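Below is one structure, written out as structure tokens; comments come after it.
The values are calculated or read from the model by the stated rules, or taken from the named source; none is laboratory data. Note that the structure is predicted; figures quoted are calculated from it, not measured. Cβ atoms come from the backbone with ideal geometry, glycine included; neighbour counts cover every protein chain shown. These area figures cover heavy atoms from the full protein model, side chains too; ligands, DNA and RNA do not enter into them. Shrake-Rupley method; radii C 1.70, N 1.55, O 1.52, S 1.80 Å.
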Amino acid sequence: MYLKKRFMAAAIASALSVSTLSATATAGEVEVLHWWTSGGEAAAVSVLREMVEKEGHTWKDFAVAGGGGENTMTVLRARAVSGNPPSSAQIKGLEIQEWADLGFLANLEEVAKQEGWDDVLPPVVADIMKHYDYYVAVPVNVHRVNWMWVNPAALEKAGASVPTTLDELWETADKLKAAGIIPIAHGGQSWQDATVFESIALSAGGPEFFRKAFVEHDQDTLLSPQMETVFDQFRKAREYLDPGFPGRDWNIATSMVIKGEAGMQFMGDWAKGEFTAAGMEPGTDYLCLPFPGTEDAFAFNIDSLAMFMQRDADNVSAQQTMARLVLSPEFQETFNLNKGSIPVRLDQDMTPFDSCAKASMETFQSTSESGQGLVPSMAHGMSTTSAVQGAIYDVTTTFFNSSMSSQDAVRQLASAIRAAQ
Ligand code: BGC
């Protein structure tokens with residue numbers, strides 16, 4: 001299998017007659033495939049576009065709507081199969097390795113060395129960006145997934161307090177419901193279901209349980225009574241949604257919290273980009289809090305741009321310029337202020353960031369240093385292959401939209417994961 005992959009890699013590289021060496025030319029084009037289309041996301045990505053254009057290169061925007069990126073990945077596969085991949089694509093986690101194994105990705109070592117990427121990136125991030133020992137992708141940010149977004153005025157109206165445990169969460173949800181406010185803003189799409197499911201798993205089971213289930217795929221953990229409890233709690237969340245939830249986009253759900261139609265949303269901190277774009281201030285207009293029971297944990301989701309091999313020297317030059325810009329402190333600051341995430345550079349000045357970002361950075365650093373509580377997000381492609389992730393999505397979404405028992409769900413989850421491995 002390995003040899004076959006290496007052979008394919010060599011064949012694709014020679015078919016494209018690619019040069020990954022630095023180009024002498026200057027003005028080229030980068031075509032960037034991404035799924036950053038909501039208000040906050042679009043504001044963030046336009047920062048990169050402006051910086052690339054300022055360097056004299058052309059930016060060809062290739063945005064595919066659809067939170068979580070499933071649609072984008074489908075489009076990317078189609079383009080790659082037809083021998084015409086874009087020069088850069090938003091690809092994350094283990095999928096970077098899958099594309100690199102197939103021989104599609106360019107070697108970014110030269111720019112990485114020049115810019116000292118190894119010195120400014122946390123090893124947990126650098127490892128994801130490297131194929132063997134060379135960079136094939138550049139990270140743009142670090143998102144924390146286990147967040148809860150709250151409209152404080154809605155809670156006040158309902159006489160409810162901010163929950164810090166799962167039991168308190170359901171009490172708050174009951175009070176909101178009694179006051180005629182939608183307790184939880186949610187969009188019924190597999191990746192959003194999985195996002196809520198993973199925060200509940202982190203809360204009910206803790207980081208070690210999470211790691212055993214979603215990183216190691218340990219069958220005993222997957223089949224444990226604890227996993228049954230996770231499904232019970234996940235089912236409970238279903239009681240607090242409005243009838244319009246199926247198919248709703250995540251940013252529409254965020255806007256329900258912004259308007260006070262709903263009290264809470266469980267979503268990664270790209271949701272903060274929407275509050276920022278709406279001119280709202282954290283701490284007063286909205287609250288960012290760890291998902292109840294996960295204050296010492298950090299489920300990380302790192303966005304990155306992988307670079308595809310290019311034939312044209314000008315385009316190689318544009319691609320390398322973009323890679324360099326992405327890790328510049330200027331880009332890291334402006335992009336992440338708009339995106340809701342935190343910068344990925346260890347030496348970034350956090351002064352311009354708000355209290356949510358500062359809290360996120362603090363937990364990211366403390367969990368990285370202690371080795372306790374930092375877990376890769378399953379729902380966002382950090383913990384496992386796309387095949388296993390897809391299997392988990394199928395079970396969680398089917399369970400959420402049916403009357404399947406938690407016992408059956410646990411059995412199905414364990415066998416679906418085993419089959420997809
Ligand atoms: C990505 C974010 C994006 C979110 C919603 C996540 O998987 O990492 O960058 O904002 O999906 O589309």
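Values computed for the structure shown
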{"item": "Sparse-neighbour loop sites [chymotrypsin sites (Phe, Trp or Tyr not before Pro); region 121-152; at most 12 other C-beta within 10 Å; DSSP]", "result": "Y132"}
{"item": "Cα-centre dipole for region 94-170 with unit charges at Cβ (Lys and Arg positive, Asp and Glu negative), debye to 20", "result": "380 debye"}
{"item": "Space enclosed by the convex hull of the alpha-carbon atoms of region 335-379, per residue, Å³", "result": "91 Å³"}
{"item": "Region 289-314 and region 231-262: distance between their alpha carbon centers, rounded to Å", "result": "24 Å"}
{"item": "Members of K212/K272; K177/K272; K54/K358; K259/K358 lying beyond 28 Å, as alpha-carbon distances in this model show", "result": "K212/K272; K54/K358"}
{"item": "Range in the chain, longest, excluding exposed GluC sites (Glu not before Pro) [loop by DSSP; at most 12 other beta-carbon atoms within 10 Å]", "result": "1-215"}
{"item": "Debye, to nearest 20: dipole size of the chain, +1 on Lys, Arg Cβ, -1 on Asp, Glu Cβ", "result": "1000 debye"}
{"item": "Whole-percent pair-distance distribution, where bins are 5 Å wide, for the alpha carbons of region 37-166", "result": "2, 7, 14, 16, 18, 16, 9, 5, 5, 5, 2, 0"}
{"item": "Projected area averaged over orientations for region 135-214, convex hull of C-alpha atoms, nm²", "result": "7.5 nm²"}
{"item": "Intensity falloff of region 302-421 expressed as log10 I(q)/I(0), Debye formula with alpha-carbon point scatterers, at q = 0.10, 0.12, 0.17 Å⁻¹", "result": "-0.54, -0.72, -0.99"}
{"item": "Approximate shape of region 224-263 as ellipsoid semi-axes (Cα gyration tensor, √5λ), whole Å, largest first", "result": "26, 10, 9"}
{"item": "Distance from region 145-162 to region 337-383 (C-alpha centre basis), Å", "result": "23 Å"}
{"item": "The chain - Rg over Rh from alpha carbon coordinates, Kirkwood radius", "result": "0.97"}
{"item": "Accessible surface, per residue, of the chain when the full set of protein chains is kept, probe 1.4 Å, Å²", "result": "39 Å²"}
{"item": "S88 long-range amide H proximity, modeled H, under 5 Å", "result": "E31, L33, F308"}
{"item": "Dimensions (Å) - region 231-386, Cα atoms, principal axes, largest first", "result": "56, 35, 34"}
{"item": "Volume in Å³ per residue [convex hull over Cα atoms, computed for region 312-367]", "result": "89 Å³"}
{"item": "5 angstrom amide H check on V375, placed H, neighbours 5+ away", "result": "F298, A299, F300"}
{"item": "Accessible area of region 287-403 belonging to carbon and sulfur atoms, whole % at 1.4 Å probe", "result": "48 percent"}
{"item": "Rounded to 5, the percent of DSSP beta bridges in the chain classed as antiparallel", "result": "55 percent"}
